[in-house]
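Below is one structure, written out as C-alpha cells, with a few remarks after it.
Bear in mind these aren't lab numbers, they're just calculated from the coordinates by the rules spelled out. Since we're looking at a predicted model, the values are computed, not measured. Here Cβ is always computed from backbone atoms with ideal geometry, including for glycine, and neighbour counts include all displayed protein chains.
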Amino acid sequence: MKETLAELLLKSLCRFDAYADVYLTKEDKVYTSVKRIELLNQVITLYYYFESLHLQKDDKVAIISENRVEWVVTDLACIFKGLISVPLYTSLSSESVRYIIDDSDAVVCFVSNALQLDKILSVKDNLPKLKHLISYNGVAPKHSELNITTFSEIMRNKYEYERNNLCKKLEKFSSHISEEDVFTIIYTSGTTGTPKGVMLTQKNLYSNLIACTQVLPITDKDIFLSYLPYSHIFERTAGYYLALITGGKVYYAQSIDTIGQQMQEAKPTVVITVPRLLDKMYNRLMKSTEEMENGYKKRLFIWALNVARFNGKNKSSLKWKIADKLVFSKIREKTGGNLRFFASGGGALNKSIGEFFDGIGIATLEGYGMTETSPVITVNRPEDNIYGTIGVPLNGVEVKIAEDGEILAKGDNVMKGYYKDEASTKETIIDGWMHTGDLGEWVKSGHLRITDRKKSLFKSSGGKYVAPAQIEELINQLPYIDQSIIIGNNKMYVTALIVPEMSELKALAYKLKLHFMEDKELVRDKTLLKYIEKDLNNVQKNLSTYEKIRKFTLLDKPFTIETGELTPTMKIKRNVVEQKFADIIEKMYHKV
C-alpha cells in the first residue's frame, strides 16, 4: 500500500459499514444524518463534475465555509482527483480572501453562503485566474466572467453506485496519486507579516495520522463533536481525517455557544478543542458555585471541588468515590456522560484547569504542533498524561532543543515547503529540521514543555529576559480576565493590557457594591482596579521581581479578528496591538 492520504481514506471508507451514519448536522432542533455510502456517492459525483470543468492534476480549489458535509465531500473529491485544496477561514476579510486566492492560483472556489459569495464577487476583478464559483447554499447569481453554480445543482444527478462499485472507482481514481504529491495548501494565520502557504503532501498527513492512531485509542465506536473549523489543520487532521479513518461518527456543533447543549444531545466520547473552551467551562462551573444558596448542597459541592483539586489523582480513595457519586458524575453528565477525553491544542492549556477537570474524571490530552508539521509533533498519552507539558514525540517524529532553546522537529510530517517562497522555506527547514519558533525544555519525565514563542521573548531595559506567555497564562486564571498581552521590550518594567470578561467583571463590581451606569465605567473604577491589582500580585507571587506586572490597563473592547488584533485561530497579533494601543502603553511608562 502506498503511504498516501488517499489510500488511507480509501481503505477506511471501504472497510466500515456503508449504511452507518458518519456526519450529523443539527437544523432547527433536528439532526439530519449522512451515511457513508451517501458520502461516497457525493464524492464520485463531484469528482466527475471536476472532470467536466477539465481540471488538471494540481489545480487549486479554494474552500471558504464552516464545517459541513459539503466541505468533506469537496475535500475528498479533490484528494482523489489530485487537486490541491486551499481552505480559508470564514472570518477573513475580502482583501485577505483576495490575497490567498490570488497567491494560491485557485481556479475554483466553494463558498458556504451569500456572505462569502459577496466577498469573492467584490474582489473578482483582481482574481483573473478564478473561473468557477460553487455555493453550498442559495441561488447562484449570473456573472459575465464567472461560471457560478450551486452544490445542489451538481448533486441533482447524483450517482447511486453500490459499495463495491464505489470502492473500485475510488481505487482507480487514487492509483495516480503519489506520496510526494501536494494535496493542500494552508495559509498560516500570520501573527507577524503576510500569510504563507504551507504545502502538505499526501505522505505528510499519512505519517501523522498513522502515528496518531498508535497512541490515541480511537475506534469506530467513538463519537466526535466538531466545533473548530476544518480550515484549522488541528481539527482537519484530528477531528475529520482521524475520525474518518477510524470509523467514528461526527456531530457538527452549530456554534461555540451551543456546545454545552449539544454535548448532552450527541454524547461525544472525544472532543478536539482549544484551551479557551475548557477555561469557559471552568469559569462557568465556579460561577454556578458562587450563585448557589448557602446550605448543605453548596458546602457539599465546594467540598467535592476541593477533592478534585487536591485529591483528584487518587481515584481509588473513598473520599473521591463519594465525591464522584454525589457531584462529579453529575458534572460529567453535562458533557453527555460518555466523554473519554478532550484533545487540546492550538495554545497553552492552563495546568491547574487541566488537573481540575482530570480530578472530576474528565481527562484532557494536551498536544503540540503546527500547520507546517501536519500538525502533531508531541502529545500526552492517556496512560502517561502530565499536565503542564505537551507530551512526548509521536512515533517517527524527532524532536530536539537548539542551543538557544528553540524546539526543532524532523520527520515525514514536516511540510514540503512554503508555496512560491523558497527563501522562507530555507529559513524554516534547515538540514531537515523544522524550526518551530517555540522555546521549550524537557522535564524529568521525558515530556516536553513550552516556555514561550521565540519572537515573543523580550529583554527589559535592565537586560533581563522576560517570557510573556507564562505571565499571561498566570493572570488569565483570574475569572474576570478574558484576554491579556504583556508589554516590556526595552522598557524599565513589565506592564499589561487586559481585556476583561465583562459578565465576571460586573459580578465582581456587584460584590464590591460599586455603582455604574455603563460597562466602560468599570474599567476606570479605582476601587475595582485596586482589587484587581491585589489579585494580580497574588497570582504573580512566585515570579521574579523583574517579571511582575507593575502597571496594567483594562480595555473596554475585546481584541477581535474583525478589528485586526486576532488571527483566525484567535492568537493575539502582538505587533498590531502594540501599535494600535501605543498611546495607552506609553502612559503606563510615565513616572510611577
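Under a straight-distance cross-link criterion of Cα-Cα below 21 Å, which lysines are reachable from Lys334, leaving out those fewer than 8 residues away in the same chain? Candidates past the 8-residue exclusion: Lys26, Lys29, Lys221, Lys249, Lys267, Lys280, Lys287, Lys297, Lys298, Lys315, Lys321, Lys325. Beyond 20 Å in Cα-Cα separation lie the following of the pairs Lys35/Lys57; Lys551/Lys580; Lys491/Lys548; Lys81/Lys169; Lys464/Lys551: Lys35/Lys57. Can you give the % of DSSP beta bridges in the range 74-159 that are antiparallel, to the nearest 5? Percentage antiparallel, nearest 5: 0. Listing Glu333, Glu403, Glu66, Glu162 from fewest to most neighbouring C-beta atoms within 10 Å gives Glu403, Glu162, Glu333, Glu66.
Between Ile584 and Lys280, how high is the FRET efficiency from 1/(1 + (r/R0)^6) when r is the Cβ-Cβ distance and R₀ = 30 Å? Nearest 0.05. My answer for the efficiency is 0.65. For the pair Asn490 and Glu441, a Förster radius of 45 Å applied to the C-beta separation gives a FRET efficiency near 0.95, rounded to the nearest 0.05. One way to sum up the overall shape of the range 460-565 is the equivalent ellipsoid from its Cα gyration tensor, whose semi-axes run 25, 16, 12 Å, largest first. Entry note, the range 474-545: relative contact order of 26 percent, from Cα contacts under 8 Å with a spacing of 6+ residues. For the chain, the Cα gyration tensor yields ellipsoid semi-axes of 41, 29, 25 Å (square root of five times each eigenvalue, largest first, whole Å).
Between Arg299 and Asn311, the modelled labels are 1.7 nm apart [label points 7 Å from Cα along Cα→Cβ]. Rounded to the nearest 10 degrees, what's the angle between the helix 69-81 long axis and the longest principal axis of the chain, both from Cα atoms, 0 to 90? Roughly 50 degrees between the two axes.
Rounded to the nearest 10 degrees, the inclination of helix 502-511 to the longest alpha-carbon principal axis of the chain is 20 degrees. The ranking of Arg284, Arg156, Arg36 from fewest to most other beta carbons within 10 Å of each one's beta carbon is Arg156, Arg284, Arg36.
Note on the range 487-535: Cα-Cα pairs beyond 16 Å make up 43% of the total pair count.
Rounded to the nearest 10 degrees, the inclination of helix 94-104 to the longest alpha-carbon principal axis of the chain is 50 degrees.
Extension gain, Ser424 to Leu543: 0.36 nm times the residue separation minus the Cα-Cα distance gives 39.2 nm. Dipole magnitude for the chain: about 1800 debye, using +1 per Lys or Arg Cβ and -1 per Asp or Glu Cβ, origin at the Cα centre. Take every DSSP beta bridge whose two residues both sit in the chain, then give the antiparallel share in percent to the nearest 5. Around 50 percent of the beta bridges assigned by DSSP in the chain are antiparallel ones.
What the Cβ-Cβ distance of Glu290 and Lys459 gives, at R0 = 41 Å and to the nearest 0.05, is a FRET efficiency of 0.50. Shape summary: the range 294-434 maps onto an equivalent ellipsoid whose semi-axes, from the alpha-carbon gyration tensor, are 41, 14, 12 Å in decreasing order.
Here the contact order of the range 458-587, divided by its residue count and restricted to Cα pairs under 8 Å and six or more residues apart, works out to 24 percent.
Taking the chain as a whole, the Cys residues whose C-beta sits 4.7 Å or farther from every other Cys C-beta are Cys78, Cys109, Cys212. Listed from fewest to most Cβ neighbours within 10 Å, the set Cys212, Cys78 follows the order Cys212, Cys78.
Measuring from centroid to centroid over Cα atoms, what is the spacing of the range 181-251 and the range 494-543 in Å? Comparing the Cα centres of the range 181-251 and the range 494-543, I get a distance of 39 Å. Take every DSSP beta bridge whose two residues both sit in the range 458-587; close to 65 percent of them are antiparallel. Rounded to the nearest 500, the helix-only mean residue ellipticity at 222 nm of the chain stands at -10500 deg cm²/dmol, with each DSSP H run of n ≥ 4 adding -39,500 (n - 2.57). Of the GluC sites (Glu not before Pro) found in the range 472-537, the ones in coil according to DSSP and having at most 10 other Cβ atoms within 10 Å of their Cβ are Glu518. Counting alpha carbon pairs within less than 8 Å and at least 6 residues apart, what relative contact order, in whole percent, applies to the chain? Relative contact order, the chain: 11 percent. Cα centroid separation, the range 451-489 to the range 110-173: 45 Å.
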